[in-house]
1. For the range 1-94, which fully contained helices (runs of 4 or more DSSP H) count at least 3 residues that are touching a residue at least 40 places away in the same chain (Cβ under 8 Å) and surrounded by 11 or more Cβ atoms within 10 Å (Cβ to Cβ)?
2. From the list 28, 52, 81, which one is within 13 Å of the chain's Cα centre (by Cα) and either of a type outside the set (Val, Ile, Thr) or under 21 Å from residue 2 (Cα atoms) (or both)?
3. Condition first: closer than 15 Å to residue 38 by Cβ and out of contact with any helix residue (DSSP H, G or I) (no Cβ under 9 Å at 6 or more places or on another chain). Now tell me which residues in the range 70-104 satisfy that.
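FYI, it's all coordinate maths here, none of it is from the lab. None of these values were measured; they are calculated from a predicted model. Here the Cβ positions follow ideal geometry from the backbone for every residue, glycine too, while neighbour counts run over all protein chains shown.
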Amino acid sequence: MKISNAFQTFLSQAPDHAHAWMKMVQELDEANGMDKKNRELAFLAVLAATRLTSGIPFHVLSAKDAGARREEIISAVLIGLPAVGNVVIESLWVALDAYDGKER
C-alpha cells in the first residue's frame, strides 16, 4: 500500500515518535468494536471531513482489502456533507483514484 510522503518522513526521521504513535493506534484498533472494513470507512469519513487527503489512498486500499466496494468508499467520503459541507468533495477524486489504481 502507498504510504504518503509525509508519513514516510515521520517514520524515518522521528522513529521514536512514530513507534509511540503506532503503539497507540494499535491499542485503539484493539479497543474498537468495529470490524476492519467499517473502521476504515469511518476513518475515511474523518479524513475527508478534516481535509487530510494524504492519508486517504492508504486507507482506501485498506478498506478495499477488507471488502469495501467502490460505492461504500464514495458514501464514506460524502457522509460528512450535512455536517461539514462540500469540503468533503475535495477528497472524492483522491479516494476514487486510489480505489481504481490510478496515480496522479
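1. Counting at least 3 such residues, we get 36-49, 56-65.
2. Answer to the selection: 52.
3. Passing the criteria: only 71.
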